[in-house]
Every structure is written in C-alpha cells, then in structure tokens.
C-alpha cells in the first residue's frame with residue numbers, strides 16, 4: 001500500500017493497515033519486554049492487564065519506551081495527518097483485555113475536557129496500533145464498523161509486524177473471548193495516539209492524560 005492510499009483509506013473507511021512496519025525479529029523482544037513488565041506492574045481491566053501512559057516515562061520497557069518516536073511510525077503519522085501534528089500523550093499496552101464496541105473520543109465522564117465538537121473538521125486524531133501476535137487466521141484481532149458502511153463489521157486479519165491506523169472516531173472493538181485460552185500465549189495490543197497540533201487535540205490530550213494518571217494511581221505491584 002502506498003502512503004497516499006493509507007490517507008485515502010482512513011478518510012473513507014476510517015481505518016487502514018500498513019504491512020510490515022516492524023521487523024519479524026523485533027516481535028519476540030517486544031513481547032518479552034511486555035511480559036516482564038506486566039508480570040509485576042499493571043492496571044487490572046476487563047479481564048486483562050493494562051499499562052497506561054507508559055511512552056517516554058517507562059525505561060523498564062526498553063525499546064518500547066520510545067516506540068512513539070520511531071521514524072517508521074512518525075512517517076505514517078506524517079502521511080495520515082498531512083499537517084503539523086503532535087503526540088497526543090496516549091499510550092496503552094494491553095495484555096488479554098476484553099474490549100467491546102466503542103470509539104476513542106473521550107467518554108462521557110471526561111467530556112468536560114473536550115468542549116469542541118469532535119465531528120468538526122479540525123478534529124483529526126488517529127491511533128496507531130500493533131497486535132504482537134498473528135491474527136491472519138483468526139478473529140481475535142481488531143474489528144471496525146467502517147465510516148462508509150457502518151452496518152458492516154470488519155475484522156482485520158493482521159500480522160504482528162503490521163501497523164493498524166484509524167480515526168479515533170470510528171467504532172471498533174477488540175477480542176470478545178480470550179486468545180490466550182485458544183492459542184496458549186498472551187494477546188498484546190500497543191496503542192499510540194497522535195493528532196493535529198490544534199485545540200481539538202490539546203483538549204483530547206488533557207482528558208487522556210487525566211484518565212491515564214487515574215489508572216496509573218491504581219496500578220497493582222506484585
């Protein structure tokens with residue numbers, strides 16, 4: 001897929017996949033770093049474990065700590081947003097979390113942070129995700145209801161090296177059953193948020209940081 005196709009797919013359908021952004025040899029290391037950290041420190045959530053707000057402040061995660069600044073990822077953001085953008089301070093690492101249908105605009109309890117209308121043209125905030133296991137032959141990956149056909153439910157059959165990019169307003173979900181029970185290994189999802197350098201993104205960032213800080217204050221240490 002060309003980067004121009006990426007931009008068009010996100011505009012029309014709300015999501016796109018960029019294959020082979022990561023290298024195959026990187027996946028075992030990213031899983032190992034995640035395993036090691038989450039084994040002792042995590043926020044319990046929806047049947048799984050979460051590390052919220054880790055990017056840039058968690059050296060124990062090794063190369064994961066600076067993944068949000070990786071040139072391979074920032075190149076995707078450049079093409080998807082086309083204009084001056086910022087990291088929206090959103091980073092979540094999920095292990096085995098069950099996730100129902102939702103969008104990634106701020107939830108009602110945080111809506112006071114987002115006073116501008118998320119349907120305005122100026123709201124351009126994206127999520128870049130990596131699922132660190134193979135979903136090419138199963139339905140435990142990410143699902144979307146495309147902007148151009150919201151009655152349809154589409155499962156992305158991704159490889160662990162693929163980046164999944166989507167508009168944060170699109171309705172999507174994760175696994176409904178436990179991948180780990182079926183395949184005998186943890187299911188990991190890395191999520192990173194980026195947006196145009198404007199007031200819409202700054203409001204979203206403020207709400208996101210508040211949420212992540214709340215969750216970080218409730219993290220369990222074993």
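Only the coordinates and a few stated rules stand behind these numbers; no lab work does. Here the structure is a predicted model, which means the values were calculated and not measured. When we count neighbours, we look across all protein chains shown, and the Cβ atoms used for this are built from the backbone with ideal geometry, even at glycine.
For residue 218 and residue 105, the FRET efficiency from 1/(1 + (r/R0)^6), where r spans their Cβ atoms and R0 equals 22 Å, is about 0.45. Pairwise Cα distances in segment 4-90 exceed 23 Å in 38 percent of cases. Legend: ranking of residues 38, 86 from fewest to most surrounding C-beta atoms inside 10 Å; resulting order 86, 38.
Computed over the chain with a Gaussian network model linking Cα atoms closer than 10 Å, the most mobile of 195, 14, 48 is 48. Taking other C-beta atoms within 10 angstrom as a stand-in for reagent exposure, 116, 106, 131 fall in the order 116, 106, 131, fewest first.
Please find, in a Gaussian network model of the chain (springs between Cα atoms separated by less than 10 Å), the residue of 111, 55, 80 whose mean-square fluctuation is greatest. Top of the fluctuation ranking is 111. Remark: 155, 129 ranked as 155, 129, counting other beta-carbon atoms within 10 Å and listing the fewest first.
Between residue 60 and residue 155, what length comes free when the chain is fully extended (0.36 nm per residue of separation minus the Cα-Cα distance, one decimal in nm)? Don't skip to the answer; put the middle values down first.
Details: separation 95, 0.36 × 95 = 34.20 nm, distance 3.28 nm.
Contour length minus Cα-Cα distance gives 30.9 nm.
Placing pseudo-labels 7 Å out from each Cα toward the beta carbon at residue 113 and residue 32 gives an inter-label distance of 3.5 nm.
Computed over every Cα-Cα pair of segment 5-148 and binned at 10 Å starting from 0, the pair-distance distribution P(r) comes out as 9, 35, 41, 15, 1 percent. Distance from the C-alpha centroid of segment 71-103 to that of segment 138-174: 14 Å, rounded to the whole angstrom.
Note down the Stokes-Einstein diffusion coefficient of segment 77-192 in µm²/s, whole number, using a Kirkwood radius over alpha carbon pairs, 25 °C, and 0.890 mPa s.
159
Between residue 70 and residue 20, the contour length at 0.36 nm per residue exceeds the Cα-Cα span by 16.6 nm. Length available on full extension from residue 39 to residue 138: 0.36 nm per residue minus the Cα-Cα distance, which gives 33.1 nm. Largest first, the three principal axis extents of the alpha carbons in segment 131-222 are 45, 41, 24 Å in whole numbers. When you restrict to C-alpha pairs under 8 Å that are six or more residues apart and normalise by the size of the chain, the relative contact order lands at 32 percent. Where is the GNM fluctuation largest for the chain (alpha-carbon springs, 10 angstrom cutoff): 27, 170, 128? Among 27, 170, 128, the largest mean-square fluctuation in the Gaussian network model of the chain belongs to 27.
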